[in-house]
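The values are calculated or read from the model by the stated rules, or taken from the named source; none is laboratory data. Just so it is clear, the structure is predicted and the values come from calculations on it, not from any experiment. Virtual Cβ from ideal backbone geometry, glycine too; neighbours counted across all protein chains shown. Quick note on the areas: whole protein, heavy atoms, side chains included, nothing else; ligands and nucleic acids left out. Shrake-Rupley method; radii C 1.70, N 1.55, O 1.52, S 1.80 Å.
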Amino acid sequence: MMKNRLKLTLAAASLLFAATSCSSDNNDLPLAADVLEVMTRVNNHWQSSNPEHGRAFWDNAAYHTGNMEAYFVTGNQEWLNYSIAWSERNQWKGAQSDNRAEWKYHYGESHDFVLFGDWQICFQTYIDIYNIKQEEHMIARALEVMEYQMATDSSDYWWWADGLYMVMPVMTKLYKHTGDELYLDKLYEYFSYAKSIMYDEETGLFFRDGKYIYPKHKSLNGLKDFWARGDGWVFAGLAKILADLPADHEHRAEYLAIYQKMAETLADIQQEGGYWTRSLLDPEHAPGYETSGTAFFTYGYLWGINNGLLSKDTYLPVALKSWDYLVNVAVQEDGRLGYVQPIGERAIPGQVVDVNSTSNFGVGAFLLAASEMYRLVK
């Protein structure tokens, strides 16, 4: 794959590691009962270990996107109740400010950053719960915030790769609820801005943000430095919006082409052990296992296979290798999920990521992957 388009980049990367060939000696699918068991073990461990609900910021909210997907495939009412309790604790809001004159975006964790994507990802879960319960108060804030944002003249809301996962699906979910084409128009406008500052045409991958553009920033060995979790956010976010975009939407083909090119590149740089290293093209930059990016990639592959947008023959071996890493290396006997890089924005040389490294967003990413695997085998 990618022999012509990535010849220069992957030739450099190949000096550092042997890229996989997207083939596998064992394409046997896991049993549905085994997928359900590991998904249940991981999610029950997380929920029992975290009975107190936190704020509606991105890390907690990313967990709940996975928890809701796990609920959809299992019907486990306790899991749904857990997300409802979190939503109620946060009053079905992200950032809490009601003073529109002080609403901000770019980066901020205080409650006046209502227009910052890290405070908007919670709306994905609120909309999912609304679609089950049909109670208008559950999505009133999401509608208020996003309609206000779309009425502004700004286009630079998504300036970091993570933001594409945080908010793109909010736009398509609200489009499905309202039928208002403005959500899709603004989705494309904001995505186009993000693409203009972060997208690398050669590889089809996204730099995390403007600080990491090559050659201004390079990996340890002088290569383009693509952060695994950052590209995981994008790959998963594209899958989520493709699930909701109308089949005849004018920009669907562009989103699909970017998603499929990412799938090609990521398959070429998967590690022999099934995972992806934190700096995707330079394993020596931050070597070793990493679960959050790997889980998002696994989800993106399995979703594409399940929905006929990625070749099963080509990409199922990739997904099975990464699934094997997730369930046999990352998941521990008690259900704890290990090897999740801590909160950050890049691959950090020397940073310790080990079996004890876990997080809410990492569990959410695993639940997304497990839900799609369950759909595939069930």
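If each of N356 and K216 carries a label point 7 Å out from its Cα toward its Cβ, how far apart are those two points in nm? Output for this residue pair reads 3.8 nm. The equivalent ellipsoid of the stretch 254-338 has semi-axes of 22, 16, 10 Å, largest first, where each one is the square root of 5 times an eigenvalue of the Cα gyration tensor.
Report relative contact order for the stretch 158-311 in percent, whole number only (criteria: Cα-Cα under 8 Å, sequence separation at least 6). It would help to have the intermediate numbers written out before the result.
Numbers: 213 pairs, mean separation 38.2, N = 154.
Computed value for the stretch 158-311: 25 percent relative contact order.
What the phi angles of the stretch 82-87 give under the Karplus curve with 6.51, -1.76 and 1.60, with θ = phi - 60°, is a coupling list of 5, 6, 5, 4, 5, 5 Hz, glycine and proline written as x. Put simply, the convex hull of the Cα atoms in the stretch 273-319 casts, on average, a shadow of 3.3 nm². Residue separation of E250 and A85 scaled by 0.36 nm, minus their Cα-Cα distance, works out to 55.6 nm of gained length. Shape summary of the stretch 131-186, radius of gyration then Dmax from alpha carbon positions: 11.8, 34 Å. Under the criterion of Cα pairs below 8 Å and six or more residues apart, the relative contact order for the stretch 88-213 equals 21 percent.
Only Cα sites of the chain enter the Debye sum here, all with the same form factor; the resulting log10 I(q)/I(0) across q = 0.09, 0.11, 0.14 1/Å is -0.47, -0.72, -1.21, listed in q order.
Summarising the label geometry, the points placed 7 Å from Cα in the beta-carbon direction at E135 and D112 lie 3.2 nm from one another. 3J(HN,Hα) along the stretch 182-188: 4, 4, 6, 5, 6, 4, 5 Hz, from the Karplus curve 6.51 cos²θ - 1.76 cosθ + 1.60 with θ = phi - 60°, whole Hz, x for Gly and Pro. Would you kindly give the portion of the calculated P(r) for the stretch 66-150 that falls above 15 Å, as a percent of all Cα pairs? Of all Cα-Cα distances in the stretch 66-150, 57 percent exceed 15 Å.
Please report, in cubic angstrom per residue, the volume enclosed by the convex hull of the alpha-carbon atoms of the stretch 75-228.
Details: hull volume 22.8 nm³, N = 154.
It is 148 Å³ per residue.
Put simply, the convex hull of the Cα atoms in the stretch 111-157 casts, on average, a shadow of 3.5 nm².
Looking at this model, which pairs from K216/K261; K186/K216; K104/K218 are more than 27 angstrom apart at the alpha-carbon? It would help to have the intermediate numbers written out before the result.
Details: K216/K261 24 Å; K186/K216 30 Å; K104/K218 31 Å.
Beyond 27 Å: K186/K216; K104/K218.
Taking the alpha-carbon centroid of each part, what is the distance from the stretch 332-369 to the stretch 75-91 in angstrom? The stretch 332-369 and the stretch 75-91 have Cα centres separated by 23 Å. Note on the chain: dipole from Cβ charges, positive end direction compared against Y374, P215, A101; the farthest Cα belongs to P215. Taking θ as phi - 60° and the Karplus parameters 6.51, -1.76 and 1.60, the scalar couplings of the stretch 233-244 work out to 4, 5, 4, 5, x, 5, 4, 5, 6, 5, 5, 10 Hz in sequence order, x denoting glycine and proline.
Per residue, the accessible area of the chain comes to 37 Å², computed with a 1.4 Å probe over protein heavy atoms only.
For the chain, the relative contact order is 23 percent, taking Cα pairs closer than 8 Å that sit 6 or more residues apart in sequence and dividing their mean separation by the residue count. For V114, the residues whose modelled amide H falls within less than 5 Å of its own, excluding neighbours fewer than 5 places apart on the same chain, are K104.
Applying D = kT/(6 pi eta Rh) to the stretch 23-115, where Rh is the Kirkwood radius over alpha-carbon pairs, T corresponds to 20 °C and eta to 1.002 mPa s, the Stokes-Einstein value obtained is 137 µm²/s. Comparing K93, K173, K312 in a Gaussian network model of the chain (Cα springs below 10 Å), the most mobile by mean-square fluctuation is K312.
Eigen-decomposition of the gyration tensor built on the alpha-carbon atoms of the stretch 333-375 gives equivalent ellipsoid semi-axes of 22, 13, 8 angstrom, largest listed first.
How about K321: which aspartates and glutamates have a C-alpha closer than 18 Å to its C-alpha, ignoring those fewer than 8 places off in the same chain? By straight Cα distance, K321 reaches D25, D28, D34, E264, D268, E272, E290, D313, E372.
Which peptide among 336-347, 112-123, 246-257 comes first, and what is the full order, when sorted by highest mean count of other Cβ atoms within 10 Å? If you can, show how the numbers build up before the last one.
On the way: 336-347: 20.0, 112-123: 24.8, 246-257: 12.7.
Ranked by mean Cβ neighbours within 10 Å, highest first: 112-123, 336-347, 246-257.
In terms of distances greater than 32 angstrom between alpha carbons, the cross-link table entries K93/K378; K176/K211; K211/K378; K173/K312 yield K93/K378; K176/K211; K211/K378.
For the chain, adding -39500 (n - 2.57) for each run of n ≥ 4 DSSP H residues and dividing by the number of residues yields -17000 deg cm²/dmol at 222 nm.
Ellipsoid fit via the Cα gyration tensor, the stretch 174-311: semi-axes of 28, 18, 11 Å, each the root of five times an eigenvalue, largest first.
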